[in-house]
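A short write-up of the structure that comes next.
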Amino acid sequence: MPAGRGRRSETPPGPSLSPSRAADFKTCPLLFRFRTIDKLPEQPSADQVRGTLVHAVLERLFDLPAVERTLEAAADLVTPEWERLLAAEPALSSLFSAPPPVRQPAPSRAIPRPAAQSPLPDTAASPAGAAVHDSGSPAGADPSPGAAGAAGGSTVEGSGAPPLRDPAAVAAEADATGQLALVDAPAGAGAAARLDAFLGSARDLLSGYFAVEDPQRLEPAERETLISAMIDDELLLRGYIDRLDVSPAGDLRVVDYKTGGAPREAFEGRALFQLKFYALVLWRTRGVVPRALRLLYLKDAEALDYSPDAGELERFERTLVALSQAVERAKRERDFRPKPSRLCGWCNHQALCPEFGGTPPPFPESPATGLSAESEPDRLSPTLRDTPVA
């Protein structure tokens, strides 16, 4: 296994948080329950799978000698990496068997939109079932793996209507499959044309990467690394870092690639929360506050740098402890309330949500503990990233 690539560890027995699950609870406690306790399945979207593919290509790109890290070489990795993902998850091929919706269904009710606030204030604990906010954007915004992917989606229970979809979710899925460019595809050739467009759109995102970074001048210290730390004597934090750069002077830079199509203000709120999470773990395990946290938005060919300090990370640590306490209290009281927001339009579970006329399943008698498989907004579980380059 190449140096710096992590593997999943066993499920920890006590309280634990990952960036995704923490963001789920902040976004909507009921969403957290569906994913972490009920472990309801979610169909991945083409947009999310494309993110997984691009992450894999960028990881493999740095296996090449520096002089060979060109856009052409990255583009050549797209098809073999897709074949590797498909071998691990054959069901992904079904994403291209039918076209996704191009237009947003007329909603039967409005999707709430929270008021804008300043980003990243630290807060104390909130009551069980209520979100602990760290970002004023839709908290911990998550394009919900598969939310945009179910082409028609399931009918919202009790309403007889299709699920509400945020127009951005529909647009992201159409973009991932090149749907708007396939109106003239020959009869019977739609699936192949959609797959070709999907792979082409992944190559387009790689062009965005090369517009903001020159990989020939970089030698990452670690890639796709699982990091973890224990805080407050019992809370385990862990998650995957896309890339960690270390300067000759020992300065750390955490780099995260963003390919998803969620609302930008929501996505950025989650992304900054995620990077502060990683910065805290690195500080607690290596004794160094990262000099920079870098977000690379590949679709927009933009880079956003953020520099935390020790005081900020101490406050953030207290926020995570309070968040964990709220999660554990909600588990004891079996109280996971829905929290309506614009992100409802990305959710896979509207049919079971009381806000949409649904009924959650009975609470498990022996709810799962610890972390479920980590899944970030624009990529799938690390089970698809565990196989090293042959």
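The values are calculated or read from the model by the stated rules, or taken from the named source; none is laboratory data. Here the structure is a predicted model, which is why all the values come from computation and not from measurement. Cβ: placed from backbone, ideal geometry, glycine included. Neighbour counts: every protein chain shown. Note: accessible area is taken over every heavy atom of the protein model, side chains too, but ligands, DNA and RNA are not part of it. Shrake-Rupley method; radii C 1.70, N 1.55, O 1.52, S 1.80 Å.
Work out how much length residue 91 to residue 192 would gain on full extension: take 0.36 nm times their residue separation and subtract the Cα-Cα distance, in nm to one decimal.
34.8 nm
For Cα pairs less than 8 Å apart in space and 6+ apart in sequence, what is the mean separation divided by the residue count of region 229-367, i.e. the relative contact order in percent?
17 percent
Between residue 211 and residue 366, what FRET efficiency follows from the Cβ-Cβ distance if R0 is 41 Å, with the result rounded to 0.05?
0.25
Give me the one-decimal nm value for the distance between modelled label points at residue 304 and residue 288, 7 Å along each residue's Cα-to-Cβ direction.
Taking the simple label geometry, residue 304 and residue 288 are separated by 2.5 nm.
Which value, in Å², gives the accessible area per residue of region 232-363 when a 1.4 Å probe is used on the protein heavy atoms?
Per-residue accessible area for region 232-363 comes out at 38 Å².
Distance from a point 7 Å along Cα→Cβ of residue 249 to each backbone N in region 295-339: keep the residues under 18 Å and list them by number.
Counting backbone N atoms under 18 Å from the label point, the list is 306-310.
Determine the distance separating the Cα centre of region 317-332 from the Cα centre of region 211-242; give it in Å without decimals.
So the two Cα centres are separated by 24 Å.
In whole percent, how big is the carbon plus sulfur part of the accessible area of region 220-323, probe 1.4 Å, protein atoms only?
Of the solvent-accessible surface of region 220-323, carbon and sulfur hold 45 percent.
Rounded to two decimals, what ratio of Rg to Rh does region 269-328 give with C-alpha atoms and a Kirkwood Rh?
My calculation puts Rg/Rh at 1.04.
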